[in-house]
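In what follows, a single structure is set out as structure tokens and then discussed.
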Amino acid sequence: MPAFRVNVVSDVHGNAADLARAGDGADALVCLGDLVLFLDYADHSRGIFPDLFGARNAGRLVELRTARRFEEAREFGRRLWAGVDRGPAIERAVRKQYAELFAAFPTPTYATYGNVDMPTLWREYAGPGTTVLDGERVEIGGRVFGFVGGGLRTPMRTPYEISDEEYAAKIEAVGEVDVLCTHIPPDVPELLYDTVARRFERGSRALLDAIRRTRPKYALFGHVHQPLVQRMRVGATECVNVGHFAGSGRPWALEW
């Protein structure tokens, strides 16, 4: 019997060109969120922020955030946004990106939100070949996949950050699955440290507890762009950071 293959991507951040090829050779594509590119930490000329305020200001914001001077970064942003109708400006830019990115999804695609996404817009752009899941399960090729989107609250205040309690409830709703798909990693230090940003991102303790308790075959996630450890076992579960797709342009493949 031929193998069933699922290609998995995360942290697309505006890379529509490679996304259009991400499903090549696979029976389905799974996307773990962060479609939007607000600010590219490697190329300060790309994203919503530099489109509005220029690459020089984008570079200054990256500098402040990287130094963890979050209050200064927020004050700098407030000065730039003064006089700009922020909500409509961001929504227009996000809509433009979503129109291109959702059009690039192959059929079938199964997707959940990242912390920089705007979930209220997804249903509008997701075509009939794209299934959006959050706190839900679906069967793909005879295996049960569970999906939990979003991130936990941080000083960065990205658009789709939720409370630990709300996140834990979604993990609980998914229950026992073969493959547990989330945007953020479980709360394991080696999986949370970004070697380029030189900081720990937030992971979920509830996710880690669920992995230990329900023992899925795989736990797949993204969020940390340059992780100290890309793959490790937690009990019976293979935990895999499927990669920073915006930078690599390559999906991670799961076959059975």
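The values are calculated or read from the model by the stated rules, or taken from the named source; none is laboratory data. Please read these numbers as outputs of a predicted model, since none were measured by experiment. All Cβ positions, even for glycine, are placed from backbone atoms using ideal geometry, and neighbour counts span all protein chains on display. Note: accessible area is taken over every heavy atom of the protein model, side chains too, but ligands, DNA and RNA are not part of it. Shrake-Rupley method; radii C 1.70, N 1.55, O 1.52, S 1.80 Å.
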Step through the residues of the stretch 144-157 one at a time and calculate ³J(HN,Hα) from phi using the Karplus curve (6.51 cos²θ - 1.76 cosθ + 1.60, θ = phi - 60°), rounding each to whole Hz and writing x for Gly and Pro. 8, 10, x, 10, 9, x, x, x, 8, 5, 9, x, 6, 6
One finds the C-alpha centres of the stretch 108-137 and the stretch 175-247 to be spaced, in Å, by 20 Å
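Viscosity 0.890 mPa s, temperature 25 °C: Stokes-Einstein D of the stretch 208-256 from its Kirkwood Cα radius, in µm² per second?
Numbers: Rh = 11.7 Å.
It comes out at roughly 210 µm²/s.
Dipole magnitude of the chain about its Cα centre, charges +1 at Lys/Arg Cβ and -1 at Asp/Glu Cβ only, in debye to the nearest 20?
Values: 32 positive and 34 negative charges, 112 e Å.
My answer is approximately 540 debye.
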Could you point to the residue in 171, 47, 12 farthest towards the positive end of the chain's charge dipole, with +1 and -1 charges on the Cβ of Lys/Arg and Asp/Glu respectively? 47
So, with a 1.4 angstrom probe, what is the percent of accessible area on the chain that is carbon and sulfur? 49 percent
Total charge of the residues flanking residue 192 in space, meaning their Cβ is under 10 Å from its Cβ, with Lys and Arg +1 and Asp and Glu -1, is -2
Computed over the chain: relative contact order in percent, which uses C-alpha pairs under 8 Å that are six or more apart: 22 percent
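In debye to the nearest 20, how big a dipole does the stretch 114-159 give about its Cα centre with +1 on each Lys and Arg Cβ and -1 on each Asp and Glu Cβ? Walk me through the numbers on the way to the answer.
Details: 5 positive and 5 negative charges, 34 e Å.
Value, rounded to 20: 160 debye.
Could you do me a favour and compute the accessible area per residue for the chain, 1.4 Å probe, result in Å²? Before the final figure, lay out each step's value.
On the way: 11720 Å² over 256 residues.
Accessible surface, normalised per residue, equals 46 Å².
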Just going by the charge dipole of the stretch 66-150, with Lys and Arg at +1 and Asp and Glu at -1 on Cβ, which of 131, 106, 76 is farthest out on the positive end? 76
Positive-end extreme of charge dipole, the chain - chosen from 225, 119, 243 (charges on Cβ): 225
Just how large is the dipole of the stretch 62-185 about the Cα centre, in debye to the nearest 20, putting +1 at every Lys and Arg Cβ and -1 at every Asp and Glu Cβ? 580 debye
Based solely on C-alpha atoms, express the radius of gyration and the Dmax of the chain in angstrom. 17.7, 62
Taking square-rooted eigenvalues a ≥ b ≥ c of the alpha carbon gyration tensor, is the stretch 117-256 rounded, prolate or oblate, where a/c under 1.5 means rounded and, failing that, a/b exceeding b/c means prolate? rounded
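Just need the relative contact order of the stretch 123-220 here, percent rounded to a whole number, with Cα pairs under 8 Å and 6+ apart.
Details: 156 pairs, mean separation 25.1, N = 98.
That works out to 26 percent.
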With the 8 Å Cα cutoff and a minimum separation of six or more residues, the stretch 185-256 has a relative contact order in percent of 30 percent
For the chain, what proportion of DSSP beta bridges, expressed in % and rounded to the nearest 5, is antiparallel? 40 percent
